[in-house]
Amino acid sequence: MTHTNNITVDYAGYQSVGYGQKKINVSLVCDGNIKNFTDTTNNIHGFDAATDLDGQERYDALYDLIRHQIANQVQEWIHSI
């Protein structure tokens, strides 16, 4: 598990939602609390690179694809814990 400001990426997966778009789902852990976040990316080069990886490296790379889009939601969640 990778730690970023006491956040751990527990799992990440994806679905195709249209030509050139992927929906990324991540499960984050903070202080023992788990929450799922979802957003889309059209960064196909980054997506292809992420899916070439395995295990935790793949999870971290998929999370990195949507990290900035979900940053506010993640911060709100952390503050609510």
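No lab work stands behind these numbers, since they all come straight from the coordinates. What you see is a predicted model, and the numbers here were worked out from it, not measured in a lab. Neighbour counts are summed over all protein chains in view; Cβ atoms, including those assigned to glycine, are modelled from backbone coordinates with ideal geometry.
Only DSSP H runs of four or more residues enter the estimate; each adds -39500 (n - 2.57), and after division by the residues of the chain the mean residue ellipticity at 222 nm equals -14000 deg cm²/dmol. Compactness of the chain was expressed as the Cα radius of gyration divided by 2.2 N^0.38 Å, which yields 1.05. For region 1-56, averaging the sequence separation of C-alpha pairs within contact (under 8 Å, six or more residues apart) and dividing by the residue count gives a relative contact order of 28 percent.
What dipole magnitude, in Debye to the nearest 20, does the chain give about its Cα centre under +1 on Lys/Arg Cβ and -1 on Asp/Glu Cβ?
Around 240 debye, computed over the chain.
Computed FRET efficiency, Cβ-Cβ of His79 and Ile44, R0 30 Å: what is it to the nearest 0.05?
According to the calculation, E is roughly 0.35.
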